[in-house]
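Below: the structure, in structure tokens.
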Amino acid sequence: MSAGMVIVGAGECGARAAFALRENGYDGPVTLIGDEPHHPYERPPLSKDVLTADEPPAPKWVGLPERFAALKIDCITGMAALAIDRQAKTVRLAGGSSISYEKLLIATGAMPRRLSLAPEASGRIAYLRSFADAQRLRDHLRPGNHIVVIGGGFIGLELAASARKRGAAVTVIEAQPRILMRGVPEEIAEVVADRHRAEDVRLFCGRGLQEISEQGRRLLVRLADGEKIEADCALIGVGAQPVTTLAESAGLALDNGIAVDATLKTSDPDIHAAGDCCSFPLAIYGGRRVRLESWRNAQDQGTLAARNMLGADEPISAVPWFWSDQHDLTLQVAGLAEGAANVVRRDLGEGAFILFHLAADGRLIAASGIGRGNAVAKDIRLAEMLIAKGARPLPDQLATPDVRLKTLLAA
């Protein structure tokens, strides 16, 4: 078979790239390689619907086998890519075969960061990345069980909310002074914390760990101050690290992930990288290099990488966007708030509000909102458009709910 487009990583990003190659008119060979037995599926439901559904769940597919077949995309599942030969332009697979490429996309994502204090062999220690992980977790989330969640970030708190919905008792342990330290303003984090407490989730912030050990059929979690907590399961959510082994062994440049330029090209002109595994410069933030772990970013970069593999040479222009469901609250963040000189609050009613983050020159650089359901969704989307435009709205306009954000786009 002639060399074509090869994608390593059959998640959201890789699948979107494969589809986009066809949508952009490429009719040569397309091969998508994944080490999981499933066809590509979405990961956000793993911490939510997959855990809380009454009936045994199925993955939420990015594309069913029939779609890949109809588009003549060779989707290889359950097969790890072991090595890249950049000179021969081939990818060696675990089964012993090799695939030639014209252009290669690495979309290997990120893995949960391991906690050194947690016994690796224990069946009561859980991490969440795959559908299989979520299935194992479901067995622990039931009335009468006590779940300890290590880490008060997005994943840890989503797991806590799902565990409570399933009827388990939950304690969250966060070493930092508060939950959601990374990327979420304290004002919004407090709302989330209060909502968890209202659901009888115990939050221990500013409390480090000393030891996690098995005691018969239970776990003993010992905090740094000596307090002991017994649990049936410990869910570890202490961040993620990019999967870069394949790129590193091939000699590609790394910088908090696989280093790519504004067009997602690596240090090898025939290899691109996209999604959680790569760091890239963002022009709207002065070329600051970032790495994003989000569903939207995986989608956007997958489709952009496909166009650029075909020669489009388009730079990244999307504004970072994140969301998280916590019980009946939805939190959304557009942009990057670091370096903001001024924060303006807009109250939307029924407890919903948005914080607008302005740079010293008045540019809107981020917006963070929280409310029930879709209360903040429309305004966050408009804020995202204002950020992309480099808009400098007046603080009074942002603070006044009667001033529609859509009108500011025309200013």
- Task: Could you tell me which numbered condition V343 fails, if it satisfies all but one of (1) in contact with a Pro (Cβ under 8 Å, 6 or more places away or on another chain); (2) at pLDDT 95 or above; (3) in a loop (DSSP other than H, G, I, E, B)?
- Result: (3)
- Report the residue count in region 1-47 for those that are among the hydroxyl-bearing types (S, T, Y), under 22 Å from E102 (Cβ atoms) and assigned to a strand (DSSP E or B). 1
- Item | Residues that are free of Cβ contacts under 8 Å to residues at least 60 places away in the same chain, within 23 Å of W323 (Cβ to Cβ) and either among the charged types (D, E, K, R) or surrounded by 17 or more Cβ atoms within 10 Å (Cβ to Cβ) (or both), drawn from region 386-411 | L386, K389, P393, L398, R404, L405, K406, L408
- Query: If you go through region 49-56 one residue at a time, do you hit one that is in contact with a Pro (Cβ under 7 Å, 6 or more places away or on another chain) and of a type in the set (D, E, K, R)?
  - Reply: yes
- Item | Candidates I155, I106 - the one that is within 30 Å of S2 (Cβ to Cβ), in contact with a Leu (Cβ under 7 Å, 6 or more places away or on another chain) and of a type outside the set (S, T, N, Q) | I106
- Query: Applying the selection to region 357-411, what residues are part of a strand (DSSP E or B) and among the β-branched types (V, I, T)?
  - Reply: I365, I370
- Item | Residues within region 343-401 that are hydroxyl-bearing (S, T, Y) and either within 15 Å of L331 (Cβ to Cβ) or touching a His at 6+ places or on another chain (Cβ under 7 Å) (or both), tallied | 1
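Let's see how each residue does on (1) part of a strand (DSSP E or B); (2) out of contact with any Pro (no Cβ under 8 Å at 6 or more places or on another chain); (3) on the phi < 0 side of the Ramachandran plot; (4) without any contact (Cβ under 8 Å) to a residue 24 or more places away in the chain:
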site: A189; (1), (2), (3), (4): no, yes, yes, yes
site: V192; (1), (2), (3), (4): no, yes, yes, no
site: H196; (1), (2), (3), (4): no, yes, yes, no
site: E214; (1), (2), (3), (4): yes, no, yes, no
site: V221; (1), (2), (3), (4): yes, yes, yes, no
site: G226; (1), (2), (3), (4): no, yes, no, yes
site: L235; (1), (2), (3), (4): yes, yes, yes, no
site: T263; (1), (2), (3), (4): no, no, yes, no
site: I284; (1), (2), (3), (4): no, yes, yes, no
- Task: Name the residue, out of R222, R195, R166, R218, that is buried (at least 17 other Cβ atoms within 10 Å of the Cβ) and over 30 Å from R345 (Cβ atoms).
- Result: R166
- Message: Out of the residues in region 265-281 meeting the condition of being crowded, with 24+ Cβ neighbours inside 10 Å and touching a residue at least 60 places away in the same chain (Cβ under 8 Å), tell me which one is farthest from the chain's Cα centre (by Cα).
- Response: I271
- Going through region 286-315 in order, the residues found to be outside any helix (DSSP H, G or I) and under 25 Å from I155 (Cβ atoms) are R288, R289, V290, R291, L292, E293, S294
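The values are calculated or read from the model by the stated rules, or taken from the named source; none is laboratory data. This structure is a prediction, so every number in the text was calculated from the model and none was measured. Every residue, glycine among them, receives a Cβ derived from its backbone with ideal geometry; neighbour counts consider all protein chains shown.
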